[in-house]
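One structure is given below, encoded as structure tokens.
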């Protein structure tokens with residue numbers, strides 16, 4: 001009975017928010033995950049990684065691992081983005097590999113406007129594991145759902161503006177709403193449809209005069225049209241461009257505490273803990289998320305002008 005109640009709450013939660021994409025509390029650190037237009041917006045090669053364990057202590061709770069790389073390519077007047085993702089929820093395992101291109105228009109004041117498009121190869125599977133159907137179930141097709149996988153191709157599109165103090169992102173993922181098919185069922189096939197997602201997010205830095213503190217309010221709005229808009233509101237405080245922390249409120253879901261440290265100008269770490277505020281709080285020990293980022297540049301020295309003499313050809 002406890003297992004049935006737990007899974008019922010899990011399913012209700014997913015229907016309420018209607019999201020197929022993985023969820024990250026530190027959304028501002030995962031901009032390329034949401035928007036392909038971010039690729040190449042920085043003048044460095046940047047690797048971002050995120051590990052999220054949601055609703056600890058909850059059987060079958062979501063677990064997500066994400067890795068993105070943003071690579072500026074001057075000859076393309078923009079950049080290339082690469083994304084790897086694994087998301088596990090209950091008996092479902094989702095894997096995705098994506099590549100994107102973004103054109104970056106640079107303004108004289110140092111701001112940039114990116115327009116990007118991405119292509120994703122997605123794999124969705126239903127694993128076997130310890131799941132057992134009810135003893136009263138007489139449908140033999142239930143057993144054949146185990147270890148069933150299908151591949152789908154989908155696309156994403158976005159626009160991204162970035163200046164010294166502000167950033168704003170508008171994007172959509174799963175644009176093609178591709179269909180996945182689970183076969184080997186005695187009664188036919190089961191179809192899984194990707195749902196188009198829309199994201200609007202941004203933030204603004206407010207330096208506090210005569211101090212080393214910067215306050216940054218940020219927001220994330222997300223929807224798949226068929227469900228209510230989910231809202232994340234965040235406020236971060238950064239000290240001396242090195243230590244940062246803040247809180248995030250996710251409507252009808254969680255309150256998160258975030259802390260991070262810029263070990264160097266190129267390497268930063270972040271951690272967040274979500275305190276569940278929904279009905280799942282009776283079963284959940286909260287959610288943990290770890291973020292890491294590393295950036296570097298490859299400098300090619302300019303070609304020196306001049307000539308070369310060889311004693312063999314004087």
On the given criteria, is residue 97 at pLDDT 85 or above, loosely packed, with under 14 Cβ neighbours inside 10 Å and under 24 Å from residue 181 (Cα atoms)? yes
Given the conditions (1) in contact with a strand residue (DSSP E or B) (Cβ under 9 Å, 6 or more places away or on another chain); (2) at positive phi, every one holds for residue 57 apart from (1)
Of 49, 100, 70, 74, which residue is under 19 Å from residue 299 (Cβ atoms) and in contact (Cβ under 8 Å) with a residue 24 or more places away in the chain? 70
Out of curiosity, is residue 116 at pLDDT 95 or above, touching a strand residue (DSSP E or B) at 6+ places or on another chain (Cβ under 8 Å), surrounded by 17 or more Cβ atoms within 10 Å (Cβ to Cβ) and part of a strand (DSSP E or B)? yes
Looking for whichever is at negative phi and in contact with a helix residue (DSSP H, G or I) (Cβ under 8 Å, 6 or more places away or on another chain) here; the options are 283, 239, 249, 273. Which one fits? 283
Selection count, region 183-227, where residues are modelled with pLDDT under 85 and either touching a helix residue (DSSP H, G or I) at 6+ places or on another chain (Cβ under 9 Å) or not in a loop (DSSP other than H, G, I, E, B) (or both): 12
What are the residues in region 165-182 that are under 20 Å from residue 78 (Cβ atoms) and not in a strand (DSSP E or B), if any? 175
Out of 201, 236, report the one residue that is within 30 Å of residue 178 (Cβ to Cβ), surrounded by 14 or more Cβ atoms within 10 Å (Cβ to Cβ) and touching a strand residue (DSSP E or B) at 6+ places or on another chain (Cβ under 6 Å). 201
Restricting region 250-265 to residues that are in contact (Cβ under 8 Å) with a residue 60 or more places away in the chain and in a loop (DSSP other than H, G, I, E, B), the one surrounded by the most Cβ atoms within 10 Å (Cβ to Cβ) turns out to be 253
Within region 38-48, is there a residue that is at pLDDT 95 or above, touching a strand residue (DSSP E or B) at 6+ places or on another chain (Cβ under 8 Å), in a helix (DSSP H, G or I) and over 21 Å from residue 94 (Cα atoms)? yes
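The values are calculated or read from the model by the stated rules, or taken from the named source; none is laboratory data. Model, not experiment: these values are computed from the prediction. So basically every Cβ, Gly included, is an ideal-geometry build from the backbone, and we count neighbours across all protein chains shown.
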